[in-house]
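As structure tokens, the structure follows; a few thoughts come after it.
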Amino acid sequence: MKSYMRLIICMFLIVILAAGTCTAAEDNNLSDKLFQVALLQSLMQGEYDGMLSVGDLKTFGDTGIGTFQGVNGELIALDGKIYRAIWDGSVEIAPDDETVPFANVTFFDADVTKENVNAASIEELKEILTSTAAENGRNQFYMAKVTGKMSSITVRSELVQEKPYKPLNEALKTDQREFSYEDIDGTVVALYCPDYMDGLNTPGWHLHFISSDGKKGGHVLTLSVKDCKLEMDVISEFAMIIPNRESFNEKDLATDMKKAIEEVEVKN
Ligand SMILES: [Zn+2]
């Protein structure tokens, strides 16, 4: 009888402990971590030399956005592949020994799914993404995938930069190249940073695109989408690595770069 009681008490404790662990994990999405390479603000100031290899970046996530050594193309990570969309509109799989000066990746899992998403403009799509994020907590990070047919989309990439590096908003004035497509199947990979990320990245959404054949892509400037599927990963953990080198350490990263960031994010 005694051992029977002990067994019951034991089982009761196990149930309580398991329930406790479960709640903590659900509250914090501890399996989901956003990994960031350097700051958007350092990239904006011309810190274009890569600090992490593509091969190493893949160990921190399978989905995300970024750029390459010398701003040599837009980075789109999707399903564990890292694509590079370069200045002439073409896309290749980035080699593992290529390096990255700025990126955000996560191991994607769809916590939220919505079907039949329609948006006539990038602003409208961002509103849908933002309201979906708000429903799940506006102060979390989000990685989103919008998959299906883009009725229209304009993406950009840029010419590779040579030293001495100019600030990104200066470089893009002459070196940005834009490409427009209609009725193209693919995936928009979008990152959401909450308002408090002002000094490390930029609050709101940043969208990159890769076509389903992996041949076209870039940083999204405008788009319209029809009956697309939206998946969102709610992320409650953030990690960042920064380069330890002179060019990085001498930069004034307290400078307010909002205006310059806005210039490079949207269509001018
Ligand atoms: Zn971009």
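Need at least 3 residues that are among the hydrophobic types (A, V, I, L, M, F, W, C), in contact with a His (Cβ under 7 Å, 6 or more places away or on another chain) and within 20 Å of Val112 (Cβ to Cβ) per element, so show me which strands (runs of 3 or more DSSP E) inside the range 130-249 make the cut, counting only ones lying wholly within it.
176-193
Pairs please, first residue from the range 246-268 and under 17 Å from Asp49 (Cα atoms), second anywhere and part of a loop (DSSP other than H, G, I, E, B), Cβ atoms under 6 Å, 6+ apart in sequence or on different chains.
Phe248/Glu47; Lys251/Gln45
Scan the range 43-70 residue by residue and report those that are among the polar types (S, T, N, Q) and in contact with a Ser or Thr (Cβ under 9 Å, 6 or more places away or on another chain).
Gln45, Ser53, Thr63, Gln69
Looking at Glu162, Glu170, which is the one that is more than 16 Å from the ligand (Cβ to nearest atom), without any contact (Cβ under 8 Å) to a residue 12 or more places away in the chain and farther than 23 Å from Asp79 by Cα?
Glu170
Mind listing just one residue for me: the one in the range 82-108 that is assigned to a strand (DSSP E or B) and polar (S, T, N, Q) and, of those, nearest to the ligand (Cβ to nearest atom)?
Asn104
Looking at Asp62, Asp79, can you tell me which residue is closer than 22 Å to Asn201 by Cβ, within 14 Å of the chain's Cα centre (by Cα) and away from the ligand (no atom under 16 Å from the Cβ)?
The unique qualifying residue is Asp62.
Enumerate the pairs (first residue in the range 45-70 and closer than 19 Å to Glu265 by Cα and of a type in the set (A, V, I, L, M, F, W, C); second residue anywhere and away from the ligand (no atom under 15 Å from the Cβ) and not in a helix (DSSP H, G or I)) with beta-carbon separation below 6 Å, excluding pairs fewer than 6 apart on the same chain, so at least 6 apart or on different chains.
Partner pairs satisfying both residue conditions: Phe68/Glu98.
Under the condition of being more than 17 Å from the chain's Cα centre (by Cα) and buried (at least 23 other Cβ atoms within 10 Å of the Cβ), which residue from the range 203-227 is farthest from the ligand (Cβ to nearest atom)?
Filtering first and then ranking leaves Val225.
Has the range 40-55 got any residue that is more than 16 Å from the ligand (Cβ to nearest atom), in a strand (DSSP E or B) and closer than 16 Å to Pro95 by Cα?
yes
Of the residues that sit in the range 259-268 and are loosely packed, with under 12 Cβ neighbours inside 10 Å and among the charged types (D, E, K, R), which one is nearest to the ligand (Cβ to nearest atom)?
This residue is Lys267.
Just the residues that are surrounded by 12 or more Cβ atoms within 10 Å (Cβ to Cβ) and in contact with a Phe, Trp or Tyr (Cβ under 7 Å, 6 or more places away or on another chain), please, taken from the range 233-258.
Passing the criteria: Asp233, Val234, Ile235, Phe238, Ile242.
Kindly evaluate Val155 against the criterion of being hydrophobic (A, V, I, L, M, F, W, C), surrounded by 18 or more Cβ atoms within 10 Å (Cβ to Cβ) and either closer than 21 Å to Val91 by Cα or in contact with a Ser or Thr (Cβ under 6 Å, 6 or more places away or on another chain) (or both).
Spelling it out, Val155 is indeed hydrophobic (A, V, I, L, M, F, W, C), surrounded by 18 or more Cβ atoms within 10 Å (Cβ to Cβ) and either closer than 21 Å to Val91 by Cα or in contact with a Ser or Thr (Cβ under 6 Å, 6 or more places away or on another chain) (or both).
Throughout, read-outs are computed from the coordinates displayed, never taken from laboratory work. All values reported here derive from a predicted model rather than from experimental measurement. Every residue, glycine among them, receives a Cβ derived from its backbone with ideal geometry; neighbour counts consider all protein chains shown.
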